[in-house]
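**Student:** Have a look at this one before I ask anything.
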Amino acid sequence: MRLTRLFLRATLAAVCAVAAAAPAAALAAAEPGPVRTLGSGIAAIAPEAAGTVVAAGSSGDQMLLTRLATDGTPMQTIPAGSGRAAAVVEQANGAIVVAGDDGGAVVRAFTPDGLPDPGFGSGGTAQVPGMSIAAMAIGPGGTIVLAGSAPGSDGFPRVALARLLPSGAPDPSFAGGKVDIVAGAGRNAAATSVAVLPDGHVVFAGREAPGLQVTGAIVGRTTSDGTLDLGFAANGVHHYDAQGGARAVFSAVTIDPQGRIVAAGADLRAAGYMAVFTRLSVTGALDPGFGTGGVVRFPASRNYTGDDLAGPLGVIVAGGGEIVGAGAYQDSGQRSAALWTLTAAGHLDPSVGGGSGMVIMHPTTSDGTGWCAVAATPDGSLFTGGQNVSFSGAGSGTVGRFNGFGSLAPPYAGGSGPPYVPPVVRQPSRLAILRAHVVGRRLVVLASLNGRATGRVRGLFVSHGVTARFSVPARRLLHIRRVLSPRARRGGNGLLILRYAGDARVRADMVALHAGKVAPRLTAGSATIDQSGFLVMAGTTVRRARGRVSVRFTYKDTRGAEVPLIFRVLIRRGRWRVEVKLPSTAAAAGGDLVVTYAGDAHRRLGGQQLVRGVTTVAGVS
């Protein structure tokens, strides 16, 4: 039930990169205001000494490079050529440098007035063969440090770094002028952000998956010549392992005024994504004065464990040590732009977001939005850049300006809704489709909803280019019968979506199933929890079934509240198997399982759900 795949056909992760920024000044509050819409997607923001900013990203198949005034008015669109920008920085002389992809890694430089720099590379462009660029920073003497990934000698992706001279030529004093493959950072790895220390040492952050199954987050440091700094952390790399889940990544890194390293990213756990912030000393040790042992985690999702990362994708440190992370918060099927605001000690700032320390901006005219980068201007304003994805899947870039820790600064060009602070959720809504078929002229659906739900359940059925919408009162058991047009019912299959938006106590819960004449013949064997706390279950579908089976395990915690855990496993040749480690409380309590296959309209397979109980532990079903 990958709703982000159904709605957000162009994902935010496809355009997001992290922009390095100078520390911000002290931050002040302001009333909420709107944002500026620009291009197809904004990947990076670079503040300029004059208080203006340069936004970089893409507009169709062209690189987007636009200079904005402090009120959001576009001052200059700089022709940047074809491709997609991933990072942008300003040199000390006011020159603008943008890096990205144009059939290969490229770096382009422009004079302060926006013209291609004839003294950089060839006509203002330098090629960097052999690597993919995700981030960029300026080093001592105006050198340009690039970070990303490149194939290692074993064929697996590795962290890759490169350094160019201000002229765009490879720096011979860094890895011999070649792309530096950082083998010590692990296999199947990539750098997603980079920062440079005053002495030329390079700090990178990203991810690694040496076992190809579990992805861990990393922060590493090289010396000024590109070799791993063995005096940093463990042999040059600090490893953060996924805590109870299968994915963790540091998407952003920066240096605070005391020289400490601050990294931010996401950690996928059984109950959903957590925003992760860590602070390291100059030696790579966890800072005990930050959070709990140098690490803090805060909610970044609710009822969501999908593939699209939820959490901060950019981070900056203000002059007083305060930290701002910018990214996305995922609430079931809805993706929203979000800010996490932390004190220097690593606690959410109670003066922001009505005491929550978070500011979430729900999309009002689209299906999903999120920030990709955050930067600070000399006057202390924060600028964010990201992407807004419409219901049709089209993307548009967004830039916002904030006065301080989370309030958009008015008057800013464009239009959007006010910041939103998520309510405390005590019990999620449990919307489930029990049966869905096209019978004759009618779509017939039987669904269930938890008893305390109020309001209405809205539905959407799409078949052969025809969309049928309907809504029914929220009840414990929903019997839905709707007459379809001849074209909509042709073939007897399509995409069915039920959406319950809830109220202040029951937040949105969404289910998507295909309704079709052909049953997928979903089966599930007995479910067991072994001595080690692993939930083990296997089953079958028809051989032509593709996609994933969703397994929802619900147990009661020590306070008696129901806690859902959602796992998704691939179907391979008609077979599926889930084997996951449960939290100790869940393993001891047992619970109920709901297995769902969302179907496939292209293969005329319907959706199906099965219910299984797991009431005992220690391998006894």
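The values are calculated or read from the model by the stated rules, or taken from the named source; none is laboratory data. This one's a predicted model, so the numbers in the text were calculated from it and none came from an experiment. Note that we place each Cβ from the backbone using ideal geometry, even for glycine, and neighbour counts take in every protein chain shown. What goes into the accessible areas is simple: the full protein's heavy atoms, side chains included, and nothing from ligands, DNA or RNA. Shrake-Rupley method; radii C 1.70, N 1.55, O 1.52, S 1.80 Å.
**Student:** Return the residue satisfying two criteria in turn: it lies in the range 103-132 and is of a type in the set (S, T, N, Q) and over 28 Å from the mean Cα position of the chain (by Cα), and of such residues it is surrounded by the fewest Cβ atoms within 10 Å (Cβ to Cβ).
**Tutor:** Of everything passing the filter in the range 103-132, 122 is surrounded by the fewest Cβ atoms within 10 Å (Cβ to Cβ).
**Student:** Please verify whether the range 342-351 includes one or more residues that are surrounded by fewer than 20 Cβ atoms within 10 Å (Cβ to Cβ), over 20 Å from residue 374 (Cβ atoms) and touching a residue at least 24 places away in the same chain (Cβ under 8 Å).
**Tutor:** yes
**Student:** Could you pull out every one of the strands (runs of 3 or more DSSP E) wholly within the range 114-217 that has 3 or more residues that are of a type in the set (S, T, N, Q)?
**Tutor:** Where strands (runs of 3 or more DSSP E) fall fully within the range 114-217, none carries at least 3 residues being of a type in the set (S, T, N, Q).
**Student:** So, one more: Please determine whether any residue of the range 276-297 is under 14 Å from the mean Cα position of the chain (by Cα) and under 20 Å from residue 215 (Cβ atoms).
**Tutor:** Yes, the range 276-297 contains at least one residue that is under 14 Å from the mean Cα position of the chain (by Cα) and under 20 Å from residue 215 (Cβ atoms).
**Student:** How many residues are farther than 22 Å from residue 315 by Cα and crowded, with 20+ Cβ neighbours inside 10 Å when one looks only at the range 133-156?
**Tutor:** Residues in the range 133-156 being farther than 22 Å from residue 315 by Cα and crowded, with 20+ Cβ neighbours inside 10 Å: 1 in total.
**Student:** Let me spell it out: the conditions are (1) open to solvent by less than 10 Å² (accessible area, probe 1.4 Å); (2) among the small types (Gly, Ala, Ser); (3) within 23 Å of residue 118 (Cα to Cα), and residue 167 meets all of them except one. Which number is the exception?
**Tutor:** Answer for residue 167: the failing condition is (1).
**Student:** Which fully enclosed strands (runs of 3 or more DSSP E) of the range 394-469 have 2 or more residues being at pLDDT 80 or above and either more than 24 Å from the chain's Cα centre (by Cα) or among the polar types (S, T, N, Q) (or both)?
**Tutor:** Of the strands (runs of 3 or more DSSP E) lying wholly inside the range 394-469, those with at least 2 residues that are at pLDDT 80 or above and either more than 24 Å from the chain's Cα centre (by Cα) or among the polar types (S, T, N, Q) (or both) span 442-448, 456-463.
**Student:** Looking only at the range 233-276, which residues are aromatic (Phe, Trp, Tyr) and within 12 Å of residue 219 (Cα to Cα)?
**Tutor:** Hits for the range 233-276 are 240, 250.
**Student:** Residues to consider are 215, 222; find the one that is within 17 Å of residue 148 (Cα to Cα) and at pLDDT below 90.
**Tutor:** None of the others qualify; the one that does is 215.
**Student:** What is the residue count in the range 58-94 for residues that are among the β-branched types (Val, Ile, Thr) and assigned to a strand (DSSP E or B)?
**Tutor:** 4
**Student:** I need the full set of residues from the range 217-240 which are open to solvent by 10 Å² or more (accessible area, probe 1.4 Å) and within 22 Å of residue 132 (Cα to Cα), in order please.
**Tutor:** 221, 223, 224, 225, 227, 228
**Student:** Somewhere in the range 370-377, is a residue modelled with pLDDT of 55 or more, more than 17 Å from residue 337 (Cα to Cα) and surrounded by 24 or more Cβ atoms within 10 Å (Cβ to Cβ)?
**Tutor:** Within the range 370-377, one or more residues are modelled with pLDDT of 55 or more, more than 17 Å from residue 337 (Cα to Cα) and surrounded by 24 or more Cβ atoms within 10 Å (Cβ to Cβ).
Residues are listed down the side, and each one gets a yes or a no for (1) charged (D, E, K, R); (2) modelled with pLDDT under 65; (3) touching a helix residue (DSSP H, G or I) at 6+ places or on another chain (Cβ under 9 Å); (4) surrounded by 15 or more Cβ atoms within 10 Å (Cβ to Cβ):
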| site | (1), (2), (3), (4) |
| --- | --- |
| 571 | no, no, no, yes |
| 586 | no, no, no, yes |
| 590 | no, no, no, yes |
| 594 | no, no, no, yes |
| 604 | yes, yes, yes, yes |
| 615 | no, yes, no, no |
| 621 | no, yes, no, no |
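**Student:** Let me ask another. How about the range 253-307: which of its residues are under 16 Å from residue 206 (Cα atoms) and assigned to a loop (DSSP other than H, G, I, E, B)?
**Tutor:** Hit for the range 253-307 is 284, nothing else.
**Student:** Give all pairs with beta carbons closer than 8 Å in which a residue from the range 32-44 that is over 16 Å from residue 69 (Cα atoms) and at pLDDT 55 or above meets a residue that is surrounded by fewer than 24 Cβ atoms within 10 Å (Cβ to Cβ) and of a type in the set (Ser, Thr, Tyr); count only pairs at least 6 apart in sequence or on separate chains.
**Tutor:** 39/59; 39/66; 39/396; 40/59; 40/396; 41/396
**Student:** For residue 49, state whether it is in contact (Cβ under 8 Å) with a residue 24 or more places away in the chain, assigned to a loop (DSSP other than H, G, I, E, B) and open to solvent by 20 Å² or more (accessible area, probe 1.4 Å).
**Tutor:** Here the answer is yes, as residue 49 does meet what is asked.
**Student:** Shifting gears a bit: Does residue 100 fit the bill of being under 23 Å from the mean Cα position of the chain (by Cα) and of a type outside the set (Phe, Trp, Tyr)?
**Tutor:** So residue 100 fits the description; yes.
**Student:** Cβ-Cβ under 6 Å, sequence separation 6+ or interchain: first residue in the range 216-229 and among the polar types (S, T, N, Q), partner crowded, with 24+ Cβ neighbours inside 10 Å. Which pairs?
**Tutor:** That search, which allows pairs on different chains as well, returns 222/202.
**Student:** I'm trying to understand the selection: among the residues of the range 250-303, which are over 23 Å from residue 190 (Cα atoms) and surrounded by 24 or more Cβ atoms within 10 Å (Cβ to Cβ)?
**Tutor:** 290, 301, listed by residue number.
**Student:** Something else: Restrict the check to the range 192-199 and report whether at least one residue is in contact (Cβ under 8 Å) with a residue 40 or more places away in the chain, of a type in the set (A, V, I, L, M) and surrounded by fewer than 19 Cβ atoms within 10 Å (Cβ to Cβ).
**Tutor:** Yes: one or more hits.
**Student:** Take residue 48 and tell me if it is modelled with pLDDT of 90 or more, among the charged types (D, E, K, R) and touching a strand residue (DSSP E or B) at 6+ places or on another chain (Cβ under 9 Å).
**Tutor:** No; evaluated as a whole, the condition is false for this residue.
**Student:** Find the residue count for the range 209-241, including only residues that are among the charged types (D, E, K, R) and touching a Ser or Thr at 6+ places or on another chain (Cβ under 7 Å).
**Tutor:** 2
**Student:** Specify which of the listed residues (98, 88) is β-branched (Val, Ile, Thr), open to solvent by less than 10 Å² (accessible area, probe 1.4 Å) and over 16 Å from residue 374 (Cβ atoms).
**Tutor:** Answer to the check: 98.
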